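Below you will find the structure I want to go over with you.
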Amino acid sequence: MSDQSSIPYDAVIVGAGFSGMYMLYNLRRLGLRAIVIETADDVGGTWYWNRYPGARCDVESMEYSYSFDEDLQQEWEWTERYSAQPEILEYADHVADRFDLRRDIRFGTRVTRAWWDGDSGGWVLETDAGENFRGHYCIMALGCLSVPRRPDFPGLDSFRGPWYHTGRWPHEPVDFSGLDVGIIGTGSSAIQSIPQIAGEARHLTVFQRTPNFAVPAWNRPLDADEVRAIKKNYAAFREGARWSHSGYNCDDAVGPGLEVSDNLRKSEMERRWQHGGFTILSTFDDVNTSMEVNRLFVDFAHDNIRRRVDDPETARLLSPTDHPFGTKRLCVDIDYFETYNRKNVTLVDISDDPIGRITPTGLVTEGGRTFDVDALVFATGFDAMTGPLLGIDIRGSEDLSLRDKWEAGPRTYLGLTVAGFPNMFTITGPQSPSVLTNMMSAIEQHVEWITDCLTWMRHHDLDRIEATEDEEDAWVEHTIAVGDETLYPLANSWYVGANIPGKPRVFTPYVGGFDTYRRICDRVAGDGYRTFDLGRIEPRP
Ligand code: FAD
Ligand code: NAP
């Protein structure tokens, strides 16, 4: 057991996904001494852990990638419109090699506790190996979707076959051929993996509690000409994403949904559906604020499901009716609905008869329906956004516990800082746009904001920054008010914590727009961070 506390780092970063990697790169360029602590054995975060069959991005690859280095973006070649997990992980690996990042990353190590040490004016981070790391700044790059959630069904220990969680997929290949497989969940991870598993297994049983909306990806190999066209003006393309509503380039809305002509309304919805991906969400200005307009998309999606699924009853069960379109993270599918036309796939509706327990040979519902399977897949999601932060026992000034402070829901200033927790930053933290955007854009914006802030502080001979209670209260109120103007809070989604029993129901991401949010953050910086409590740490006598 070694104690690193005698090595005073300027910053300790937790997490070596795309956030932590870029943060390390930037701090090094500032000449700061930084270390990254990472549970996994290598870089990549999400793309290290989520190796399930069919895993790929739902934001186009030309956008779902770093923009900070012109040579990197020119030289890297994506092969598909939406890259698959192995290629994205290869990209993370390439970035780590290219910028020699690994030498400052401690892998295989989980941070369990972190506390502000007022006496020395820095953070101490304790790991599961019992080591302490001391840093002047603490930067949490933990990800929003890095704590997988497996329901505590009784009996799992008795199950005789193998079981997997999509968010902790093994590194070795998993072979389902010849097996009867059961999958629990129909969110994005399930929607991507179901067609793949169905193609391999003898039989696949899908246990669905709530259906989800999915738009077609129309994935395809990237065309050399389109790549050349983007790369020719990559800087401008990226600038478009930086100042967009959701962090990626997409067509503007054609107007309010009920004010455009019938022809334009229909043709525009169809055009965007045929384009694929998230562009459908911005068809009209009010898709997410008007129930009447939203209903058009619900009907459109239901029609699409009926066209794609042969059995009318299965199509009905697959059609969401409990939440407005787009108010849960929209899934982007490849052959998902058609998969239910296969003879070896069965959809089991468990909305009124939930899973009761796992048995040695499968599972049984509360109503007594029994299902035998050889292998089980949990595609049951994550304790999102707050889960990774609250997984660490974080203590600020006066031993203030983050878990206590957030008992009724997260409280942050800009989703970047927390009052009572000096010199701590949260990349894509709660109450920032994060999961409502192309997260690469959100990550770069936060990392660059933090970098600029630390640079400015150094130039002004300051080394302590903390959110004030007043600004934090105002930001929390603002994020909730902006959320309440939309239909988002109506859905029982992980955006509101509904997937975790006992979690306070709070709409957590900032939905005011990535462009608006960037302007707010820029204004705070431009005003000399006056909205923060700034100072110098005086060593105690
Ligand atoms: P992560 O990639 O989650 O990395 C955080 C790292 O922190 C992890 O490696 C974790 O092990 C580590 N960590 C956490 N807690 C600790 C601790 N206590 N101690 C030490 N280490 C710790 N977003 C998009 O915009 N587009 C997409 O297409 C997209 N697809 C996704 C697909 C899947 C399957 C999932 C789960 C998410 C997807 N996301 C997508 C969101 C995705 O999480 C982000 O795009 C991005 O990868 C997040 O990077 P990050 O570095 O912030 O977090
Ligand atoms: P998710 O969206 O939370 O879906 C979890 C699924 O498991 C839901 O269908 C849920 O049903 C079901 N479930 C949970 N507990 C259950 C229980 N006790 N009994 C029965 N069913 C249960 O999780 P995810 O699919 O892993 O996706 C999470 C997020 O990660 C996505 O929204 C997205 O942001 C990101 N992601 C992106 C991609 C991509 O396309 N690039 C792929 C995967 C993930 P209920 O809805 O009824 O709760």
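The values are calculated or read from the model by the stated rules, or taken from the named source; none is laboratory data. This is a predicted model, so every value here is computed, not measured. Cβ placement follows ideal geometry from the backbone for every residue including glycine, while neighbour counts extend to all protein chains displayed. Heavy atoms of the whole protein, side chains included, go into the accessibility calculation; ligands, DNA and RNA do not. Shrake-Rupley method; radii C 1.70, N 1.55, O 1.52, S 1.80 Å.
Give me the net charge of Pro221's neighbourhood, meaning all other residues with Cβ under 15 Å from the Cβ of Pro221; Lys, Arg count +1, Asp, Glu -1.
Local net charge: -3.
I would also like to ask the following. Using mean Cβ contacts within 10 Å as the protection proxy, how do 164-171, 144-151 order, highest first?
Values: 164-171: 17.8, 144-151: 20.4.
Those peptides, ordered most packed to least, come out 144-151, 164-171.
Then there's this: Just for the chain, what percent of DSSP beta bridges are antiparallel, to the closest 5?
Within the chain, antiparallel bridges account for around 40 percent of the total.
Please give the per residue accessible area of the chain, computed with a probe of 1.4 Å over protein heavy atoms only, in Å².
Value for the chain: 41 Å² per residue.
Roughly how many whole Å is it from the C-alpha centroid of the range 396-463 to that of the range 468-541?
With the range 396-463 and the range 468-541 each reduced to a Cα centre, they are spaced 9 Å.
What 222 nm value per residue comes from the helices of the chain, counting each DSSP H run with n ≥ 4 as -39,500 (n - 2.57) and dividing by all residues, nearest 500 deg cm²/dmol?
The helix-only estimate for the chain comes to -9000 deg cm²/dmol at 222 nm.
Which loop GluC sites (Glu not before Pro) in the range 172-256, with loop taken from DSSP, have no more than 16 other Cβ atoms within 10 angstrom of their Cβ?
The qualifying sites are Glu200.
Determine, for the chain, the count of lysine pairs separated by eight or more sequence positions (or lying on different chains) whose alpha-carbon distance falls under 29 Å. Kindly include the intermediate steps, with their values, before the conclusion.
Numbers: Lys266/Lys328; Lys328/Lys405; Lys328/Lys503; Lys405/Lys503.
Number of lysine pairs found: 4.
Another question, then. On a 0 to 90° scale, report how tilted helix 469-484 is relative to the longest principal axis of the chain, with both axes built from alpha carbons and the result rounded to the nearest 10.
Helix 469-484 sits roughly 20 degrees off the main axis of the chain.
Between beta-carbons, use under 11 Å as the cut-off and find the net charge around Asp285, counting Lys and Arg +1, Asp and Glu -1.
-3
If packing is taken as the average number of other Cβ atoms within 10 Å across a peptide's residues, how do 516-522, 136-142 rank, most packed first?
Per-residue mean Cβ counts within 10 Å order the peptides as 136-142, 516-522.
Another question about this same structure. Tell me, Kirkwood radius of the range 395-436 from alpha-carbon pair distances, in Å?
10.6
Same structure, new question: Any chance you could give the angle, 0 to 90 degrees and rounded to 10, that helix 439-459 forms with the longest Cα principal axis of the chain?
For helix 439-459, the angle is close to 10 degrees.
For an R0 of 60 angstrom, estimate the FRET efficiency from the Cβ-Cβ distance between Leu156 and Asp225 and round to the nearest 0.05. Working shown, then result.
Details: r = 51 Å, r/R0 = 0.85.
That pair, Leu156 with Asp225, gives E of 0.75.
To the nearest 0.05, how large is the calculated FRET efficiency for Asp404 and Glu338 if R₀ is 45 Å and r is the Cβ-Cβ distance?
FRET efficiency, Asp404 to Glu338: 0.35.
Report the local net charge at Ile480: Lys and Arg +1, Asp and Glu -1, summed over other residues whose C-beta lies under 12 Å from its C-beta.
Local charge sum for Ile480: -2.
Could you check how much of the accessible area of the chain is carbon and sulfur, as a whole percent, using a 1.4 Å probe?
The computed percentage sits at 47.
While we're here: Quick one: grab Rg to one decimal and Dmax as a whole number for the range 340-413, Cα atoms only, in Å.
Cα radius of gyration and Dmax of the range 340-413 are 20.2, 62 Å respectively.
Please sort by residue number the chymotrypsin sites (Phe, Trp or Tyr not before Pro) in the range 45-97 whose DSSP state is loop and whose Cβ has at most 15 other Cβ atoms within 10 Å.
Here the chymotrypsin sites (Phe, Trp or Tyr not before Pro) that fit, given the DSSP loop and packing criteria, are Phe68.
Still on this structure, please answer the following. For a label point 7 Å from the Cα of His171 along Cα→C-beta, name the residues of the range 31-55 whose backbone N is under 14 Å from it.
So the set is 39-45, 48-51.
For the range 49-147, which trypsin sites (Lys or Arg not before Pro) pass both filters: DSSP loop (anything but H, G, I, E, B) and at most 16 other C-beta atoms within 10 Å?
Loop-located and lightly packed - Arg110.
Let me ask you something else. Using the alpha-carbon centroid of each, what span in Å lies between the range 190-261 and the range 61-138?
Using only Cα atoms to place each centre, the spacing works out to 25 Å.
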